[in-house]
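Each remark here refers to the structure printed beneath this line.
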Amino acid sequence: MLVPFLIMFREGLEAALIIGLVAGYLGRTGRREWLPLVWLGIGAGVLVSLGAGLALELLSAEFPQRGQEIFEAVVGLAAVGMLTAMVFWMRRAARSVKAEMQDRIDAALMGEKRGFALLAMVFLAVAREGLEAAVFLLAVMRQSPGPAAPLGALAGLLLAVAVGVAITWGGLRLDLRRFFRWSGVLILLVAAGLLAGSLRALHEAGLWNGLQATVFDLSDILPADGVAGSVLAGLLGYSDRPALGEVLVYLVFLAVTLPLFLRPMAGASAIPSPARQAVPAGVAPAPPRLKPVLGLMALLALAVLGLGAASLRLERREAGAGEAHSITVAITERGCEPGEFSIPAGRTAFRIVNRSDRALEWEILDGVMVLEERENIAPGLTQGLTARLEPGTYAITCGRLSNPRGRLTVLPAAASAPWRPEPRDLLAPMAEYKVHVTLQVMAMQEAVEDLGEALDKGDTAQAGRLIAEAGQARDQLLPALQLLPEAREALASVSSGLARLTASLPVAGSGGADVPRETLETLARLRADSGALFARIGDARITPASMAAGASRSLRGPDAITPASLDGVGRVVSLLRSLAIRLDPELQASLDRSLAEAGKGNRSAFPILAADLERLGRQLETD
């Protein structure tokens, strides 16, 4: 709330001072007939500012996820540039703003287009401050959502108007130099936070991937979504898990701007304004010509209103295009309602309602990739999202990270052409399965290392548990290794070593000296085999087609009935579900049924599951 309050107070005070100086100077110099143009310029400037803010918000609302991140980064960078320029300009202008404004008024009332010049001066002063405020507030509210931000902005604007009136007509004296100096320091801290947030948005858009190492993690001590964290995030751009790049740009920005802003200014003598020198004595000002100016301002107002209406109409039309495929999803403290649902392929309008007591986000995920999202949905508010999704199964995030993920199934349209996977469609399941397999090999290696320590201590019970853990990790690997002969040989050697160790446990003794030599040799061989398996897995080329074919073959082997190997098959089915439902929804339904029956111990389901996986593997083959 403090940052929007400060921004609107500064921007509003600048505009109020300019308006007050113009109106007061016109009154003291006998030019009150020009005052209607001042009020007209104020109204036009406010109208343009509101229209621009509305257009920006409506425009960003329909951006896809990547476009939203780019938009947030661009707005943030623009706000940083404008904030920085503003504080340095006010640092220079605080001494002489009154004299400069009087010079500009005199210049505006000279020449043939004096009415238009005066109107333009007031209009541009208000519109400039209003547009700057719109950009600043949009950037701040996207990084610090909630009702506190608009309330703070409104309070700052009202206070600015009150102070401006008091200065102009009430005789209040304000040390502008001191005010702009210390508020400028705080504004630069805000700008540094916006700069770091813009870099984060560029990373989320995929345009910046360098310097992503986490500098520190205070999410358990000072979470960014807590009360204190929210205040620091809004005021200083605090993040509880900042990346190295964000910290660097934050510190470098402040290291450059703060010394320049706080250094003493050299004094400068005032230069007489040409406008003041050129005003002939005794010449009465000509009356304003309002009709052309009023017509111009009416056209401008209609244009701004038309822009806002067109933006609103575009939003409604886009949502209406998916009216046949629309759904409302509510986010609660515990998850999404509904948590699982199906929609037909094509354009869908999602209506996302936040029924929790904190700002949340909602995402559609394809594996680890974010396809669409809406961020910073304030409590009690609703946001729309229109997306065109291909057939498949997607995960949806439901507010807090601790909440269970939902599942969105997109069914193929009846009239759609047969879908064939492209290489990019295969990347997500390939990458996720490669990570899964690598982690299983690492788990097996860790169990083997701990097994050696347990044998040295004579702890045969712990050794037995570790052998079982290594065996479960081995069984999880069976689908991946069926079509990799070199890795399959290493896996067979691992299986043999685990069996020999199991057989030797009863005579392992109670100390390292009592461990039979044969057991130690078997353990050393097992370490070497697990290391070789890790190397071969790292070099292996695993594709979705080989994943399905390997899972099918593993079901026909003697180890297919172990719970761990069945879990490995289930992992393959889960990762390929999004592809399978786009290729053949009936096949995916059969896979789900047979996998569920196999999990219940129904041995007759194994041949059906194996046949379905073999069929899926053939369909996933690409040239």
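None of the figures in this text is laboratory data; all of them are computed from the coordinates on show. The model shown is predicted, which means the values in this text are computed figures rather than measured ones. All Cβ positions, even for glycine, are placed from backbone atoms using ideal geometry, and neighbour counts span all protein chains on display.
Considering Cα pairs under 8 angstrom that are at least six residues apart, work out the relative contact order of the range 323-411 and quote it in whole percent. Result for the range 323-411 is 34 percent.
Mind listing P(r) for the range 323-411? All alpha-carbon pairs, 5 Å bins, whole percents. Spelled out per bin, shortest first, that is 3, 15, 28, 29, 16, 7, 1.
In terms of other Cβ atoms within 10 Å, GLU453, GLU363, GLU372 run from fewest to most in the order GLU453, GLU363, GLU372.
Under 18 Å from a point placed 7 Å out from the Cα of GLN212 along the Cα-to-Cβ direction: which residues of the range 370-409 have their backbone N that close? Residues 370-373 qualify, since their backbone N sits under 18 Å from the label point. Dividing the radius of gyration of the alpha carbons in the range 423-620 by their Kirkwood radius gives 1.04 for Rg/Rh. Both radii were evaluated on the Cα set of the range 556-605; the Rg over Rh quotient, with Rh as the Kirkwood radius, amounts to 0.99. Going from the residue with the fewest nearby Cβ atoms within 10 Å to the one with the most, VAL46, VAL573 rank VAL46, VAL573. Within a Cβ distance under 11 Å of PRO429, other residues only, what is the Lys/Arg minus Asp/Glu net charge? Here the charged neighbours net out to 0. Here the residues LYS457, LYS600, LYS434, ranked from fewest to most Cβ neighbours within 10 Å of their Cβ, fall in the order LYS600, LYS457, LYS434.
Electrostatic bookkeeping for ARG582 treats Lys and Arg as +1 and Asp and Glu as -1; over the other residues with beta carbon under 9 Å from its beta carbon, the sum is -3.
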